[in-house]
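Contents: one structure, followed by commentary.
The values are calculated or read from the model by the stated rules, or taken from the named source; none is laboratory data. Since this is a predicted model, take the numbers as computed values, not measurements. Note that each Cβ is placed from the backbone with ideal geometry, even for glycine, and that neighbours are counted across all protein chains shown. We work out accessible area using only protein heavy atoms, side chains counted, and drop any ligands, DNA or RNA first. Shrake-Rupley method; radii C 1.70, N 1.55, O 1.52, S 1.80 Å.
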Amino acid sequence: MATPHDENNGTVSISRVVCVHPKIEQPHRVLSLSNLDRQCPRLMQLVFFYNNLMKNDLSLNSVFNSLKIGLEETLIMWYPGAGRLMMMNPNNNNNNNQSDGKLNLWCNNEGAILVEAETKARISQLGDLSQYNEFFENLVYKPDFDANFSNMPLIVAQVTKFGCGGYSIGIGTSHSLFDGPATYDFLYAWASNSEIMKGISAKPLELPKPVHERGILLSSGNNKQQLSKGSLNLPSSSNFYAHDEHNQPIRAMAVQHLYQLIMQSTAAATLVHSRSEPSENNYQEKWVLKTYHLSAAMIDNLKRKYLSSIKTGSLPFSTFEVLTAHLWKARTKALGLSKEKVVCLQFAVDTRNKMVPPLPKGFSGNAYVLASLMMSVSQLLDHSSHELIIEKIREAKNAVNHSYVKSYIDALELGSNNSLPPLKELTLVSDWTRMPFHNIEFFHGRKAAYASPLATPVPQVAYFMQSPFDVGGVDLRIGFQDGITLSAFTQCFLI
């Protein structure tokens, strides 16, 4: 039976929900997850929009069947996507669910979920596809798993046909299964294995065979870590450091900085509570999500404005470093934080080539850790040049090496079950510019008009994404808790 969802732009009616299994059944096994995988089991969701298709008469049935066949083929190699998260011992490959207290992946061929839906709305009615729209939430299937991650499918997808003949493909993948680059590779493989509008064309890009074993990212510790409610787990106060074989401390700087911010926030919350002001310690409030477009020309002008002392044609800093420094200052200023407050910038760093030896090509797990730097608001806004901030960002990035990653993972091993609260003083950045999701051609020969991320488990995270309309341009997606702060940020950021 169709399930209608009332929205201003029409209804989305679901006509069928099927469970998709690997074309060739894989042996059941438990795949050990790393502590990086265990931090956020929830689904990360993207909606791909395809309009102006050469064949506007493509039937929904044919598109659905093509995607289903392609997914069955793809799950042969990417078989963990058909499994479920479980509290299971990786040394126990019998189906008796013996637990060692840690979250691992039970590769049991239970299947991914594929949904067929339709709406009379036209894609053009949705306006700017780069801007978050609540209607988008109806374009990704939301499985009901009773808040038990062991019942949650790790891959869900919904194909929706619009009244104009265009399509959306909304996809959710568990962050415990893949990180960004692995998600991109999986979706590329799925699109290549589907046969929507395929004709004679160049051979698709050959991807390395996925490697699902977490290898050297597995912790050597014996401490147990329980499954949380789906946000980031944090270590207790005494566990800032991992130790080497000589019991010498190795600093996990990102973890230490997080704890310092939480202590600062806790002290402030005590004062706030005494004045009967509202608490900020939950993510249930409605966040305002906004996408900013920065053209290649705007980025170049920003570089030259802040780095005027550098000779023309020899700018040594990356676009990411320049934009992140500018973002950190703009967000901190917009929030109106007091000058004595300590603020922190953390950004995700891919460790695939930072480990010794490097992680294998095709590594499919989570390979990102957070680099971190911290200073007072006064230092950031009044006493540090843009160039100095950029240099500190580069130093933090270069500090991420094999030892840093291992200490970071071991610090998570010693963690408590506390979830990361929303911290105004923490600016989080994730760089997606090397994962151009809009280039994935589920409809052969047609790139997506836009690939829009939905609200994430930590909505304050700032995402840098490639612009599909402007070569060299960058789109920034960021969330704020209120429109007033968003407006202030706009004024500070778009200068």
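Odds and ends about this structure:
- Against the list (1) at pLDDT 95 or above; (2) open to solvent by less than 40 Å² (accessible area, probe 1.4 Å), the condition Pro143 fails is (1).
- Within region 56-81, being surrounded by fewer than 18 Cβ atoms within 10 Å (Cβ to Cβ) and not in a helix (DSSP H, G or I) holds for Asn56, Asp57, Ser59.
- When Glu134, Glu118 are checked against the criterion of being modelled with pLDDT of 95 or more and surrounded by fewer than 21 Cβ atoms within 10 Å (Cβ to Cβ), Glu118 stands alone in meeting it.
- Residues located in region 113-165, provided they are under 19 Å from Ile14 (Cα atoms) and hydroxyl-bearing (Ser, Thr, Tyr): Thr119, Tyr141, Thr160
- Residue, modelled with the highest pLDDT, within region 262-321, restricted to residues that are aromatic (Phe, Trp, Tyr), closer than 28 Å to Glu340 by Cα and not in a helix (DSSP H, G or I): Trp287
- Residue satisfying all of: in region 324-355; open to solvent by 30 Å² or more (accessible area, probe 1.4 Å) and of a type in the set (S, T, N, Q); nearest to Ile389 (Cα to Cα) among these: Ser338
- Any strands (runs of 3 or more DSSP E) falling wholly within region 449-495 and containing at least 1 residues that are in contact with a strand residue (DSSP E or B) (Cβ under 8 Å, 6 or more places away or on another chain), open to solvent by 20 Å² or more (accessible area, probe 1.4 Å) and at pLDDT 90 or above: 462-466
- Look at region 248-260: where a residue is within 17 Å of Glu395 (Cα to Cα) and assigned to a helix (DSSP H, G or I) and a partner is of a type in the set (Val, Ile, Thr) and at pLDDT 90 or above, sitting 6+ places away or on another chain with Cβ atoms under 8 Å, you get Ala254/Val369.
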